[in-house]
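Peer 1: Pasting a structure here, questions to come.
What follows is calculated from the coordinates using simple rules that are stated; it is not laboratory data. Since the model is a prediction, treat every value here as computed from it, not as a measurement. All Cβ positions, glycine included, derive from the backbone under ideal geometry; neighbour counts span all protein chains shown.
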Amino acid sequence: MSTVDIPALPAPALHHPVRAWFRLFSAELRLVFLRRRNLLLLAVTAVFPVVIGIALRVAAPQPQNGRNGPGVAFFNQLAGNGVFLTFIGLSTLLVLVLPVVVAVVAGDSVAGEAGYGTLRYLLAVPAGRTRLLAVKYAAIVVFGLAATVIVSAVSLVVGAVLFPIGPVTLLSGSTIPLAEGLLRVLFVTLYVAAAMAALGAIGLAVSTMTEHAIGAIATIAILVVTSEVVDQVPQLAAIGPYLPTHWWLSFDSILRAPVDTSTLLKGLLSFGVYVVLFGSFAWARFTSADVTS
Amino acid sequence: MTAISSSGLTKRFRGGQLAVDHIDLSVPDGSVYGFLGPNGSGKTTTIRMLLGLAFPTSGRAELLGVPMPDGASRVLHRVGSLVEGPAFYPFLSGRDNLARYDAADRTADPRTMPDRITEALDRVGLLSAARKRYRNYSLGMKQRLAIAASLLRPRELIVLDEPTNGLDPQGTREVRALVRQIAADGTTVFISSHLLAEVEQICTHVGVMRTGRLVFQGPLAELRRTGAARVIVQTADADAAVKVLATLGLSDAQAGPEEASAALGDAEPERICAELVHAGIGVRGFSVAAPSLEDLFVGLTGEGFDVDG
């Protein structure tokens, strides 16, 4: 492909595909992370764990034995260990805040460029359609990871300040040293980031279908809420495991001894399938559609 | 070699509308090619296909000898373009916007980027506004920034789609001077416009589009030659004058109020005049008129406003 002879012009000397890819990738990251709107989103994301932590410190929740579910279990544990604010923060924000943050960046990724008209110029540069899409997706994944890490890190700090910190009592009853508990926090964070990466692939696919970023963002948010609602309907339990949001909260499997790897793997498999499915869709669409904006 | 060539290039939109209908472009190397036609005649769609932004329904296109859209990654970095107006990120400065596009070019050397950006901005006279956010640029500055983006690398071909759209006369003149300068460097320029007057002074070649078809293509001088000169006779006896013109073998003889006219063809005007007088026709005035380029253009594309299709 690159062996065509290029006449006369000062030949592109440093034509190093990997280096060039990272150059575009870092430009994309700068665009995403230096954009005021996105920074504001990350800042808002960081505020939530602070508010949740203070609220729980002021009005300590009563142990709720009548209800179950991982969220409730985290609340019960928090009074004894600030580390659990991480899991409370993640499980609370996973309902809507984190997905919306990812939806904004993913929905904007291609549709936003189309809306500005910059997409046609990027392709005329030429950025390469497949290459541009890969860079866009990589930036979405990094942004989702950043948002998740911010929730975990802020929760951890706030939890440490407001609550006692010490050996972590797992949901299954056994206690592990703090260092190992923090390692599990890391795994939980990565699991949630993987869930957001899967959502990012769905968002990217939606984004290739329109030149209205707002429309794409709203569509992704509606998809998330719909999936969550359908997942709550007992009569539809049969399709539950196939829903994109079904495995998001399964990170509580990491907080058991032994770790419930089968549930985790099912979750990761689901994320992987969504990435492949919607990634392929985005690619098929983006590499074959006319750019008319 | 031809900088741009196409054969049977066709684009039918999903709605069934034929936007570009079997056009065979041939843009010679080193020419300034005016791609003319009214709004909606298929110019932009053609340019989008040439640049690989839109996929042809049928037919082939080549840029600098490389087939498009398949060869896009091999050839487009040798081509600068401005398609359907400038487009940049409103929240970035002019300089950062150019850096963004340069970062997307896998063949561009990042170490020379600052110098190349400075040079491009300087060429379009935007150096003093380099740090200003794009959203605060005037329309003319936006247009010039788009031209600067097309000059980030040495190019063999520059495609400019309506580069003077929305510019005041001063801005139009600036763009024209810039195009002249680019062409003087040996770069082929493909410039589309719906106004002949705008490009007539700088073009060496023209292609004229009408409702998706290329109705004329060739050197500008050739377009001038297609304009058939007419003899116009002012007389009270128009009908008799027409008969004389017809017997002299002139085609398209027409009688008007107090006036007769016919296509001149190869005939000698002096002889026609003599014959008219000889035939006893009172000639009040006699003239030979060649149509203006504008008339020819309108003749090819139809009067304004009636955007067909």
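Peer 1: Using the Cβ atoms and a cut-off under 15 Å, what net charge is assigned to the surroundings of A:Thr210, where Lys and Arg are +1 and Asp and Glu are -1?
Peer 2: So the surrounding residues net to -2.
Peer 1: Follow-up question, since we're still on this one. Can you give me the Kirkwood hydrodynamic radius for chain A, using every pair of distinct Cα atoms, in Å to one decimal?
Peer 2: 20.6 Å
Peer 1: Once you charge only the Cβ atoms, +1 for Lys and Arg and -1 for Asp and Glu, what is the size of the charge dipole of region B:14-145 about its Cα centre, to the nearest 20 debye?
Peer 2: 620 debye
Peer 1: Quick one: what are the phi-derived ³J(HN,Hα) couplings along region B:88-100, Karplus 6.51/-1.76/1.60 with θ = phi - 60°, whole Hz, x for glycine and proline?
Peer 2: Taking θ as phi minus 60°, the curve returns 9, 7, x, 8, 9, 6, x, 5, 5, 5, 5, 4, 4 Hz for region B:88-100.
Peer 1: Where the only charges are on Cβ atoms (+1 Lys, Arg; -1 Asp, Glu), what is the dipole of the protein assembly as shown about its Cα centre, to the nearest 20 debye?
Peer 2: Rounded to the nearest 20 debye, it is 2620 debye.
Peer 1: A further question follows. Below 19 Å, Cα to Cα, which lysines can B:Lys132 reach? Residues fewer than 8 away in the same chain don't count.
Peer 2: In chain and number order, the partners are B:Lys142.
Peer 1: While we're looking at this one, here's another question. Add +1 for every Lys or Arg and -1 for every Asp or Glu among the other residues with Cβ under 12 Å from the Cβ of B:Ser193, and state the total. Mind showing how you got there, number by number?
Peer 2: Details: positive: B:Lys43, B:Arg176; negative: B:Asp161, B:Glu162, B:Glu198, B:Glu200.
Local charge sum for B:Ser193: -2.
Peer 1: Please report the spacing between the Cα centers of region B:1-55 and region A:118-187 in Å, no decimals.
Peer 2: 48 Å
Peer 1: Additional query: What share of the DSSP beta bridges in region B:2-219 is antiparallel, in percent to the nearest 5?
Peer 2: 55 percent
Peer 1: What distance in nm separates the two pseudo spin-label positions at A:Ala43 and A:Leu277, each 7 Å out from Cα along the beta-carbon direction?
Peer 2: 3.8 nm
Peer 1: Right, here's the next one. If we count every other residue with Cβ under 9 angstrom of B:Tyr134's Cβ, Lys/Arg +1 and Asp/Glu -1, where does the sum land?
Peer 2: Here the charged neighbours net out to +3.
Peer 1: Now a separate question. Relative to the compact-globule scaling 2.2 N^0.38 Å, provide the ratio for the alpha-carbon radius of gyration of region B:236-307.
Peer 2: Normalised by 2.2 N^0.38 Å, the Cα Rg of region B:236-307 equals 1.30.
Peer 1: Which value in deg cm²/dmol, rounded to the nearest 500, describes the helix-derived mean residue ellipticity at 222 nm for chain B, given -39,500 (n - 2.57) per DSSP H run of n ≥ 4 and division by the residue count?
Peer 2: -9500 deg cm²/dmol
Peer 1: Right, another one. Using only helices, what value at 222 nm comes out for chain A when you add -39,500 (n - 2.57) per DSSP H run of length 4 or more and divide by the total residues, to the nearest 500 deg cm²/dmol?
Peer 2: Taking each H run of at least 4 residues, the total per residue is -23000 deg cm²/dmol.
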